[in-house]
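> Quick one: structure below, then a few questions.
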Amino acid sequence: MNSKRAIKAVTSAVIILGLMIPSDCLYSQRTKSSLKAGDQRNAEKGLKDNRYFFYFINSSISNFGSEEEKSLFREAIQRDIISQLLYMKFMFSESFDEIRKTQDILIRLYKKTLNRDIAMTRKLLNDFAPGVIHSNRGKARHYLRLGYRDAVVAEKEMTMADNYRETLFSMRLYKYVRAIKKAKHGRRYAFLSLLEVNSEKFKRTEWREMDFNDISERIKSASDNNSHVRMHFDNYYRTPDDKSFYDMVWDNPSLTEIPEYRQYLERK
């Protein structure tokens, strides 16, 4: 009996204590913790998305990026590093702000890169087209048609991404990714049409059975243009250089070039 009375007494005390605490205080505490958790989730997703966006665009900038594109890429990498540092310091809201700034820069960079990639694909197809047509090789013509088809699809994907709501940064970038994939795929078909025209120079092999290095060597034999080999690397998201531009920036990020970084240092 004594134990039951004790339990009732404790329960009553808890209820009374709960009634004494203002409800708005409880609500504000829950709201604050919910916002903190929301900021953390947003930052986690943003960092994960950005990691993929950097990986995907790295070869394009390393292989063919202009000075303007490299400048944008450098700032985007710097801001991405800052957003990671802020996340590790549990500054989730500030981290997400930097993630959004990074993605805004990446959108401009992707747009420039995509326009260049589509133009490069069309030029490559146009350059190879006369030889393909005069060769009367059906398979070469088929590859050429597939290349032009991919270039058209890339343009359509870019138009769709351009017309997304401006605040949907991540969705727009993923759509640009699809467009760039199509542009690079079109260049792969362009090279296959070239190799098919020059197939008498090589041992007869189905292209699907050839690896990356085999195709690279055959492009060198079929073309005198040194940039074609670099394009081949770029089509497979690689670079012939020892270090990519992304790696070089990470080796020396110089974060103090970003004005906000100094402000974050002063706050912590």
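> Among all lysine pairs in the range 111-268 that are eight or more places apart or on different chains, how many have alpha carbons less than 16 angstrom apart?
Close lysine pairs found across the range 111-268: 19.
> Turning to a different aspect of this structure: Full-extension gain between Glu200 and Asn126, please, as 0.36 nm times their residue separation minus the C-alpha to C-alpha distance.
Result: 24.4 nm gained on full extension.
> Order of 166-174, 73-81 by packing, highest average Cβ count within 10 Å first?
Answer by packing, highest mean first, reads 73-81, 166-174.
> For the residue pair Lys156 and Lys45, what label-to-label distance in nm results when each label sits 7 Å from Cα along the Cα-to-beta-carbon direction?
My value for the distance between the label points is 2.8 nm.
> Hey, another quick one. Just to be sure I understand the model, the point goes 7 Å from the Cα along the line to the Cβ. What's the resulting Glu67 to Ser93 distance in nm?
4.1 nm
Every number here is computed from the coordinates shown, using simple stated rules; none is lab data. These numbers come from a predicted model, not from an experiment. All Cβ positions, even for glycine, are placed from backbone atoms using ideal geometry, and neighbour counts span all protein chains on display.
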